[in-house]
Amino acid sequence: MEFDRILKSRRSTRSFDSGPVKEKDLISIIEAARLAPSACNSQTWRFVTVTNREIIKKICSLAMRPVVPNRWLEQAPLVIVGCSQLDVIANRIGSKVTGIEYYQIDLGIAMEHMVLKATELGLGTCWIGWFSENKVKEILKIPKRIKVSAMLAIGYAKDKPAKKRKRKSIDKIVFSEKWGQSFTP
Ligand SMILES: Cc1cc2nc3c(=O)[nH]c(=O)nc-3n(C[C@H](O)[C@H](O)[C@H](O)COP(=O)(O)O)c2cc1C
């Protein structure tokens, strides 16, 4: 699929077919994350793939937060849990000096690579950020020293693609030369 079409056709998918994600597709999705850039090439990301229905149900019933309980997640054939290894020295020192949490940026890039690859493969995805980190760690036996920041639900969309959600116009999000000055390409 042409890159622009991947960007434009991606939508958050919250309704999944029961069909599993093919093994070779899962490997391509992981490979897309593996190729992502990271601060100092520290590759602090770690992932847990979950396809076991009982475990997905457990995540759904025990680890989601109120108000947006993400019940639709129960139907997802694949959940990828995005984790970070925080004890990578280069990353830790860098973050101390600049105050920038590089591991979060690294994980975000890697997981969005996954999203875009999945879109190319005809799969639907949805980011999940509204969960209890401790509960997810408990269910998946993830050690305390590991940070869990996001999850992705991946599978074949059941319904027609969700409505395109609006984006702010360029002039609202980009300035030229200095903050507040209108963008001129
Ligand atoms: C970091 C992050 C966390 C998100 N968490 C959730 C979530 O917990 N539940 C959910 O239904 N959607 C979640 N989303 C999806 C957003 O709601 C969605 O991307 C946004 O509304 C734009 O819609 P679109 O993805 O269809 O373009 C999350 C997205 C991101 C990037």
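The values are calculated or read from the model by the stated rules, or taken from the named source; none is laboratory data. Since this is a predicted model, take the numbers as computed values, not measurements. Note that we place each Cβ from the backbone using ideal geometry, even for glycine, and neighbour counts take in every protein chain shown. Note: accessible area is taken over every heavy atom of the protein model, side chains too, but ligands, DNA and RNA are not part of it. Shrake-Rupley method; radii C 1.70, N 1.55, O 1.52, S 1.80 Å.
Membrane-span-like helices of the chain, defined as complete DSSP H segments with a Cα extent of 18 Å or more along the helix axis and a mean Kyte hydropathy of at least -1.0, are identified as 102-120.
What the phi angles of the range 78-85 give under the Karplus curve with 6.51, -1.76 and 1.60, with θ = phi - 60°, is a coupling list of 9, 10, 10, 9, x, 10, 9, 8 Hz, glycine and proline written as x. Report the residues of the range 129-147 in range of a label on Lys57: point 7 Å along Cα→C-beta, backbone N strictly under 17 Å from it. In the range 129-147, the label zone of Lys57 (backbone N under 17 Å from the point 7 Å along Cα→Cβ) covers 139-140. For Asn91, neighbours were defined as the other residues whose beta-carbon sits under 15 Å from its Cβ, and their charges (Lys and Arg +1, Asp and Glu -1) total +2.
Rounded to whole numbers, the Karplus 3J(HN,Hα) couplings from phi for the range 36-49 are 5, x, 8, 4, 6, 6, 6, 6, 6, 5, 9, 9, 10, 8 Hz, using 6.51 cos²θ - 1.76 cosθ + 1.60 with θ = phi - 60°, and x at Gly and Pro. If you average the alpha carbon positions of the range 7-22 and of the range 117-185, how far apart do those two centres end up, in angstrom? Here the answer is 14 Å between Cα centres.
Charge tally around Arg14: other residues with Cβ under 10 Å, Lys/Arg +1 each, Asp/Glu -1 each, net +2.
Solvent-accessible surface of protein heavy atoms, probed at 1.4 angstrom with all chains present, puts Met1, Met111, Met64 in the order Met1, Met64, Met111, largest first. The count of lysine pairs in the range 1-155 whose Cα atoms are under 16 Å apart, excluding pairs fewer than 8 places apart on the same chain, comes to 12.
A Gaussian network model of the chain, with springs between Cα atoms under 10 Å, assigns the largest mean-square fluctuation among Lys164, Lys117, Lys96 to Lys96. Summarising the amide proton neighbourhood of Lys158: residues at separation of 5 or more, or on other chains, whose placed amide H is nearer than 5 Å comprise Ser15, Phe16, Asp17. Mean residue ellipticity at 222 nm, helices only, the chain: -11000 deg cm²/dmol; runs of at least 4 DSSP H residues each add -39,500 (n - 2.57), and the sum is divided by the number of residues. For Arg46, nonlocal amide neighbours, meaning residues 5 or more places apart or on other chains whose placed amide H falls under 5 Å from its own, are Cys83, Ser84, Gln85.
Based on the alpha-carbon gyration tensor of the chain and its eigenvalue square roots a ≥ b ≥ c, which shape applies: rounded if a/c is under 1.5, prolate if not and a/b is larger than b/c, or oblate? Oblate, because a/c is 1.5 or more while a/b does not exceed b/c.
A probe of 1.4 angstrom, applied to the heavy atoms of all protein chains, finds Thr184 with accessible area near 100 square angstrom. Tell me the net charge near Cys60. Cut-off is 12 Å between Cβ atoms, Cys60 excluded, with +1 for each Lys or Arg and -1 for each Asp or Glu. Within the 12 Å Cβ shell, the charges total +4.
Listed values for the range 121-132 are Karplus-derived 3J(HN,Hα) couplings in whole Hz (6.51 cos²θ - 1.76 cosθ + 1.60, θ = phi - 60°), namely 7, x, 9, x, 9, 8, 5, 10, x, 9, 8, 8, and x replaces Gly and Pro. Relative contact order of the range 52-163: 39 percent, from C-alpha pairs under 8 Å at least 6 residues apart in sequence.
For the range 3-161, the Cβ-based charge dipole about the Cα centre amounts to some 320 debye (Lys, Arg positive; Asp, Glu negative; other atoms uncharged).
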